[in-house]
Amino acid sequence: MARLLISGAPHLHVKESTQSLMRDVLIALAPSLLVSIYFFGFSAIKLVLVGVISSVFVEYVIQKFILKTKVTINDFSAAVTGCLLALNLPPSSPWWLVFIGAIVAIGIVKMTFGGLGQNIFNPALVGRVFLLISFPTLMTDWSIPESWFRSGVDAFTGATPLAITQEGLAAGLTLPEIFAANEFTFREMIFVKIGGSVGEVSALALILGFVYLLIRKVIRPHIPLVILGTIAAMTGIFNLINPDIYTGPLFNIFTGGVLLGAIFMATDYVTSPMSVKGMVIYAFGIGVITVLIRYFGAYPEGVSFAILIMNMTVPLLNKYCKPKRYAKEVKHG
Amino acid sequence: MKLTFSIGGIHPKENKLSRDAHIETFPIPDVAYISMAQHLGSPAEPVVQKGDKVKAGQVIGKPTGFISGFVHSSVSGTVTAVESKGDLAGNPVMHVVIAVEGDEWCEEIDRSKDIVREIPFSSEEILEKIKNAGVVGLGGAAFPTHVKLNPPKDKKAEWLIINGTECEPYITSDDRIMRERPDEIVIGSVIMMKALKVEKCYIGIEDNKPEAITSMTKAASQYPQIKVVPLKKKYPQGGEKQLIEALTGYRVPSLALPIEVGAVVHNVGTALAVYEAVQKNKPLIDSIITVTGTCVPHHRNFIVRVGTPFSKMLDAIGGLPKDAAKLVCGGPMMGKAVANLEASTLKAVSSLLLLTEAETKRKEESNCIRCAKCTEACPMGLEPYLLNKLSRIGGLYDELEQEKVHDCIECGCCLYSCPAHIPLLDIIRVSKAEVLTIMRNRSLKK
């Protein structure tokens with residue numbers, strides 16, 4: 001007698017798994033990583049490796065020895081967190097900084113809430129913000145480490161364009177003066193800009209990753225596009241009102257962590273809303289808060305805080321923003 | 001732009017391997033095991049006894065309620081037993097067992113191939129003929145057709161919608177009849193329009209069946225009230241609610257029947273059965289069945305007498321293939337896994353599908369990563385991840401009702417899409433049944 005499987009319908013299943021989705025995110029990060037390695041050499045490799053290994057290690061230890069549950073490091077989600085954490089740090093960070101960040105990200109933000117799928121906040125971002133508050137000097141040290149591929153001195157060694165702009169404005173200069181003094185060009189911002197986190201070097205590489213994620217249907221385009229659109233519209237309006245004080249859309253989109261945040265951090269499945277309506281509100285909020293922090297806040301950069309603040313609204317957004325139901329609106333014939 | 005439904009849906013690999021195989025007549029079995037539960041509703045009651053001689057087309061079971069139907073013998077021979085026997089899941093169901101002798105049919109049945117276009121019957125006569133022929137919906141649910149063609153007096157049907165979408169992967173039986181017998185389907189549709197007293201009829205066919213669209217359009221060309229509409233391929237287009245929206249733009253309200261928006265939906269196979277019942281006096285005693293699967297060497301479409309054992313059909317393709325891991329009766333998305341190979345075919349069986357372990361075995365469940373792929377896929381706009389969570393907490397029936405678990409059409413899109421391999425539909429199906437029971441009890445109390 002033949003042995004046959006019995007189960008309820010459906011009898012077919014997508015090939016995708018949590019593992020394959022996370023692997024796709026890692027692949028999408030590869031272009032940015034390669035660009036960073038080119039510019040920052042060994043320190044980029046070191047940071048990412050330490051980030052990935054320590055995140056996976058922390059998750060393993062907690063699952064195996066503390067929670068005594070099934071170890072699920074094979075799903076690559078800890079690896080993604082570690083990789084994103086490293087990409088959000090300054091290139092000259094010491095290795096132990098990443099390690100501490102990984103303990104916070106995985107140990108506190110992810111595992112105490114119940115592991116994969118349960119956390120409220122984006123683990124990598126909390127790790128980054130924890131480090132920013134605890135080690136402010138290290139986290140704003142934008143000196144550029146040695147690279148095998150690159151020699152000579154670059155234009156921006158001291159600080160990020162955002163920080164330079166904020167300092168300049170504080171010193172009473174106008175934007176055109178700051179831009180002229182520092183030789184900012186948009187060509188550089190779009191293709192490569194040195195001065196910023198490991199993963200922020202090339203906008204083009206990040207956009208390449210975005211396109212890959214869209215093609216592989218890993219993420220939907222709503223969140224990144226709405227964030228970028230909101231930032232562009234809002235800074236556009238402010239810039240029109242007073243171009244001497246308020247930076248414009250291109251500058252705001254292509255500097256700092258906006259692209260990295262919009263494409264890879266805000267789209268984290270676990271900490272973003274489930275319905276399209278929720279996604280749009282969430283992304284709009286991130287855009288607005290980012291601009292407000294950049295224009296009026298104490299920090300030159302606001303994306304991380306904006307995403308974490310909007311992470312808090314996700315449970316509410318999920319409760320009140322339902323997907324379009326088939327059976328709700330009735331038109332009678 | 002081609003029409004389709006607006007919410008959710010998925011694109012599984014279509015694998016229509018048997019699409020070019022002509023319909024072959026399957027040999028009459030030596031013994032036919034005819035189930036009395038051929039339709040949704042209460043099973044028929046056997047009206048023959050052991051030792052009776054029967055002809056093909058003769059009534060052997062009579063309806064036992066409003067939602068029930070006649071069952072006819074599909075073969076000629078001697079009744080050897082009227083007994084309980086396992087259905088495809090192994091549950092006991094009353095069967096009439098007939099040892100086949102020759103192939104003698106009842107005299108009133110017109111077995112010629114001539115197309116009869118003239119419809120000299122009134123609406124009531126048509127319904128009576130359909131009822132007496134034991135016609136059931138051949139889209140899968142096997143709802144008695146005469147009941148569906150007779151909507152409540154206070155509701156007015158506006159459209160007859162004929163479902164030729166065949167959106168399930170693998171199955172090609174509807175595709176084949178649309179290509180080989182389009183005139184009969186179109187006349188069957190006209191008959192149903194007459195029964196329903198409607199002026200408009202849409203025949204929806206997915207665009208992965210261009211030959212069927214061509215042949216049906218040609219057959220329908222002399223009936224201006226019938227419009228063949230190509231639809232953009234997307235599963236579950238053949239779901240009644242999805243098809244109605246795709247074709248008319250109207251959405252059926254929660255818990256309501258399609259007639260609420262003026263639509264009545266029937267399958268192309270049903271239209272063919274109606275044609276045969278009304279124009280040829282032929283009861284529904286055979287079915288068009290696709291036998292296929294990636295592990296099957298020859299993909300075939302058969303016309304099979306009702307009551308033919310599954311095992312006989314598998315013999316015809318050279319027995320159960322070595323790497324077959326599951327036998328599905330129906331499509332891979334909504335069909336039933338067969339537990340009992342000794343079960344026999346029913347009127348509404350459209351396919352026997354063999355799947356390999358790699359194709360069908362479910363992987364181990366892991367944590368929900370809240371990717372929202374289930375929500376994106378759900379054609380009813382529900383949130384399967386949430387229904388799963390609420391169901392597993394237990395007892396949260398009010399919350400489940402609020403989240404419209406009762407709107408689930410069990411199409412399987414959620415479970416299909418889940419990268420964490422959570423058995424969403426398995427869990428939701430149970431909650432849905434519980435919530436529906438609670439809602440029914442509450443409305444009875446009022």
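Every read-out reported here was derived from the displayed coordinates using simple, explicitly stated rules and does not represent laboratory data. Just so it is clear, the model here is predicted, and its values are computed rather than measured. Every residue, glycine as well, gets a Cβ built from its backbone with ideal geometry; the counts of neighbours run over all protein chains shown.
Structure above, values below:
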| read-out | value |
| --- | --- |
| Cα gyration tensor shape of chain B, rounded if a/c is under 1.5, else prolate or oblate by comparing a/b with b/c | rounded |
| Selection from B:MET216, B:ALA32, B:HIS299, by position along the positive dipole direction of chain B (Cβ) | B:MET216 |
| The protein assembly as shown - Rg (one decimal) and Dmax (whole number), Cα, Å | 32.1, 108 |
| HN-Hα J in Hz across the stretch B:408-416 - Karplus 6.51, -1.76, 1.60, θ = phi - 60°, x for Gly and Pro | 4, 9, 6, 6, x, 4, 5, 5, 4 |
| Dipole magnitude of chain B, debye to nearest 20 (Cβ charges: Lys/Arg +1, Asp/Glu -1, about Cα centre) | 800 |
| log₁₀ of I(q)/I(0) at q = 0.19, 0.21, 0.26 Å⁻¹ - the stretch A:71-120, Debye sum with one point per alpha carbon | -0.63, -0.74, -1.02 |
| Relative exposure of B:ARG300, B:ARG440, judged by other C-beta atoms within 10 Å (fewest first) | B:ARG440, B:ARG300 |
| Disulfide-incompatible cysteines by the Cβ rule (no partner under 4.7 Å) in chain B | B:CYS106, B:CYS167, B:CYS201, B:CYS295, B:CYS329, B:CYS368, B:CYS371, B:CYS378, B:CYS408, B:CYS411, B:CYS413, B:CYS418 |
| Candidates per trypsin sites (Lys or Arg not before Pro) in the stretch A:25-105, loop by DSSP, up to 16 other Cβ within 10 Å | A:LYS68, A:LYS70 |
| Exercise: per-residue mean of other protein chain Cβ atoms within 10 Å, B:358-365 | 3 |
| Mean-position separation - Cα centroids, the stretch A:46-62 and the stretch B:280-358, in angstrom | 52 |
| Contact order normalised by residue count of chain A, Cα under 8 Å, 6+ apart, percent | 18 |
| Share, in percent, of DSSP beta bridges within chain B that are antiparallel, nearest 5 | 60 |
| Estimated dipole of the stretch B:291-360 in Debye, rounded to 20 [Cβ of Lys and Arg +1, of Asp and Glu -1, Cα centre] | 280 |
| Ellipsoid semi-axes in whole angstrom, largest first, where each is sqrt(5λ) of the Cα gyration tensor of the stretch B:313-422 | 33, 17, 12 |
| Part-to-part distance (alpha-carbon centres) for the stretch A:196-243 and the stretch B:222-276, which is given in Å | 43 |
| Amide N of the stretch B:136-152 lying under 19 Å from the label point, which is placed 7 angstrom from the Cα of B:LYS200 along Cα→Cβ | B:151 |
| Enclosed volume per residue, in Å³, of the convex hull spanned by Cα atoms of the stretch B:289-371 | 112 |
| Residues B:LYS363 and B:ASP114, FRET efficiency given R0 of 51 Å [Cβ-Cβ distance, rounded to 0.05] | 0.40 |
| Expected-Rg normalisation [2.2 N^0.38 Å, Cα atoms] applied to chain A | 1.06 |
| FRET efficiency for A:LYS217 and A:ARG3, using Cβ-Cβ distance with R0 set to 30 Å, rounded to 0.05 | 0.25 |
| For the protein assembly as shown, size of Cβ-based charge dipole, Lys and Arg +1, Asp and Glu -1, in debye | 880 |
| Average Cα contact separation per residue, chain B, under 8 Å, 6 or more apart, as relative contact order % | 19 |
| Exposure proxy order (Cβ contacts within 10 Å, fewest to most) of A:ILE178, B:ILE393 | B:ILE393, A:ILE178 |
| Filtered chymotrypsin sites (Phe, Trp or Tyr not before Pro), the stretch B:15-81: DSSP coil and at most 11 other beta carbons within 10 Å | B:PHE66 |
| The stretch B:1-67: trypsin sites (Lys or Arg not before Pro) in DSSP loop, at most 13 other beta carbons within 10 Å | B:LYS2, B:LYS13, B:LYS50 |
| Karplus-derived HN-Hα couplings along the stretch B:184-196 (A = 6.51, B = -1.76, C = 1.60, θ = phi - 60°), whole Hz, x at Gly and Pro | 5, 5, 5, 5, x, 5, 4, 4, 5, 4, 5, 4, 8 |
| Helix-only CD estimate at 222 nm, as mean residue ellipticity for chain B, using -39500 (n - 2.57) per DSSP H run (n ≥ 4) | -8000 deg cm²/dmol |
| Ratio of Rg to Rh over the stretch B:176-243 (Cα coordinates, Kirkwood Rh, two decimals) | 0.96 |
| Farthest positive-ward along the protein assembly as shown dipole, Cα basis, beta-carbon charges - from B:ILE393, A:TYR38, A:GLY287 | B:ILE393 |
| Residue order, fewest to most surrounding Cβ atoms within 10 angstrom, among B:CYS378, B:CYS106 | B:CYS106, B:CYS378 |
| Percent of beta bridges antiparallel (DSSP, the protein assembly as shown, rounded to nearest 5) | 60 |
| Dipole of the stretch B:1-96, positive direction: furthest Cα of B:SER73, B:SER6, B:GLY86, with charges on the beta-carbon | B:SER6 |
| Relative contact order (percent, whole number), the stretch A:21-96, Cα cutoff 8 Å, 6+ residue spacing | 40 |
| Average other protein chain Cβ within 10 Å of Cβ, residues B:247-258 | 3 |
| Amide H contacts of B:ILE203 (H built 1.01 Å from N, under 5 Å, at least 5 apart or other chain) | B:ILE162, B:LYS227, B:VAL228, B:VAL229 |
| Shielding by other protein chains, A:319-325, mean Cβ within 10 Å | 5 |
| Theoretical FRET efficiency, 1/(1+(r/R0)^6), r = Cβ-Cβ of B:SER221 and B:SER254, R0 35 Å, to 0.05 | 0.35 |
| Where chymotrypsin sites (Phe, Trp or Tyr not before Pro) in DSSP loops with at most 11 other Cβ within 10 Å are excluded, longest remaining stretch of chain A | A:150-333 |
| Cα centroid separation, the stretch B:148-206 to the stretch A:107-145 (Å) | 60 |
| Stokes-Einstein translational diffusion, the stretch B:128-275 - Kirkwood Rh over all Cα pairs, 0.692 mPa s, 37 °C, in µm²/s | 219 |
